[in-house]
1. Give me the angle, in degrees from 0 to 90, between the Cα long axis of helix A:56-68 and the longest principal axis of the Cα atoms of chain A, rounded to the nearest 10.
2. Kirkwood Rh over Cα pairs of segment B:460-524 into Stokes-Einstein at 4 °C, 1.567 mPa s: D in µm²/s?
3. Count, for each residue of A:68-74, the Cβ atoms from other chains sitting within 10 Å of its Cβ, then give me the mean as a whole number.
4. Considering every residue in B:110-118, what mean count of other chain Cβ atoms within 10 Å of its Cβ is obtained?
5. From the alpha carbon gyration tensor of chain B, can you work out the equivalent ellipsoid semi-axes (sqrt of 5 times each eigenvalue) and give them in Å, largest to smallest?
6. Please compute, for peptide B:234-246, the average count of beta-carbon atoms on other protein chains lying within 10 Å of each residue's beta-carbon.
7. Rounded to the nearest 500, what is chain B's calculated 222 nm mean residue ellipticity when only DSSP H runs of at least 4 contribute -39500 (n - 2.57) each, over all residues?
8. Taking the Cα centre of each part, how many Å lie between segment B:68-99 and segment B:271-323?
């Protein structure tokens, strides 16, 4: 049965690595619903949040293959129940000169206006995926010009410290440390 | 120049840094083909002729297969050096092959200068992008100071853990720039750690082994890679469990060993296939349950628990669920298990293997090897070769019927004497891979067994063999067909032979054109004499052996069937 899974992947911040990571999904024809890459808590280490719909077997096989990539330090795989995820959306809505609608839009979208011109205003919304979905539906009732969402950034519910090597520290054989831990509905490939 | 260059305070070109690094990393042989963007390195190579043997291949694909062959018998990474664009893309098949067969290869590809990257310059190709899915690691060097650590890391990755191919793309400017020399071993250091396996898992595995009534060891390529052949034998003898080999595990245990029960897989032996489904425990060591081994997974080993030993955690539970898994190199895991397993005997279980072997002998093998028909069977050719060499030769094959016959009928007696393209099934692998084996300084005779189809995919390497005077013996099992495809068309496509017939050139004349001695064998009576002339000849030799046109390889597990649906005819 397909359901939503989220990976948190820690890796070196190296060129080409994103393609190496996504190629594993391509290989199995699994579509990536959302992908964000950013700095992590450790200098030189990138953190990926990847959301897919898949069965648990495929998700965990891809998880192990992700972990196998050189320069990937750790992989966490969680399903919805184990995942705390948030998204940010930025939306531009046309005002047609009626600046007094701004506060109404803020209320309806649960958003905050961050830039206002005479013609339009830009709002920011942060929330769970479904909150962003409903903000999008609500925004359609206004003259919406552009709607940009970040994709999910996520963290696991369990208290777990991922193995994150500082960048360029190549002492220690990554292949030797393969260790799988399961906590609740989360799988960690360290 | 080399002497001076070792001094770390000396400035040298990126090209010299590449070669200095390769020398320091222990590289003795490079298979390569020069061209525009790698020319600075080739220019530097001119001064390293006394330290590195460069072999000029005739096509880059030949170069990488040769590097694979070299790696398979030495355990060290084979090295390829090519130019950008077509030079690099011609490596792609071999890189994919090395990835599938866990073969350590380091490919050094020239690339256009850094300033031209992305501009669609002459012979520019995104080699990093192309090779991402088929490499263990790849990296583009755009500055000379990266060279030492990147090369050191390339070799550590290619040879470490589960071995595989690495591609290093080096822009032309990085080869020309001058940098202070840094030793690669100082620039990059990766500690080799012993894999951690939990004592709990080892005990659980040992318990399963000690409780089993019908255990079976499935020995794979990992046994050879981790140098665990002796350990495997000790383990098998203590546990008395029968040992079957995967295609790439061949030669890890002598085929004459009393516990050896044969080859697994689609064209493997009858016993180890059909009895998989009666086994109550599979001890899978250094193998990955390839679909050619398991057949239909839902019908595979329904009664068996599985102890799966593999260094690659991604292989655990990928195809077959493990009851207990040990993520470790096969040697470490088997050594850990050894003191915990009890001495056993399984006479009734072994008897079943003997019964199957007798049945296979009667229905298949006897006719395959003892046929006195005038037209030679390829199985008989292999059998006679095995007798003539006493199993003491390195067999390098291409892909197809001859490969399966070589796997089935040669009596492998020493480790690393089977070299073949398994996972990718690359036609054209045989001749260049044999070249690499010969260049690795192999003392045993190196025999390339190839079909007439695959031979013609890379036969230009006869030029390399002649130029280097490599003692490669090439046996073409010539049935004027793409035999394996023809077999499938006969069995599964109602005999519609769709584009499988080959109108071949005169292979003996072809060999002679390359100044290689050649001989044709047309009838069975000529075989033994020709084999002995080939084996005693000092230098390369080609035998074009006419074999029965329409032979089928049996036993066979048809595609999509279970291992117990194995057919003997």
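1. The two axes meet at around 70 degrees.
2. On the way: Rh = 14.0 Å.
This corresponds to a translational diffusion coefficient of 93 µm²/s.
3. Values: counts 7, 4, 12, 4, 0, 0, 0.
Rounded to a whole number, the mean comes out at 4.
4. Values: counts 0, 0, 0, 0, 0, 0, 0, 0, 0.
Across B:110-118, the average partner-chain Cβ count within 10 Å equals 0.
5. Numbers: eigenvalues 319, 193, 79 Å².
Ellipsoid half-lengths, sorted descending, are 40, 31, 20 Å.
6. Values: counts 0, 0, 0, 0, 0, 0, 0, 0, 0, 0, 0, 0, 0.
Across the residues of B:234-246, the mean count of other-chain Cβ atoms within 10 Å is 0.
7. My calculation for chain B gives -10000 deg cm²/dmol from helical runs alone.
8. Rounded to whole Å, the Cα centres lie 30 Å apart.
Readers should treat all values here as calculations from the given coordinates under stated rules, not as data from a laboratory. Fair warning: this is a prediction, and the values are worked out from it, not measured in the lab. Cβ coordinates were reconstructed from backbone atoms using ideal geometry, including for glycine residues, and neighbour counts include every protein chain displayed.
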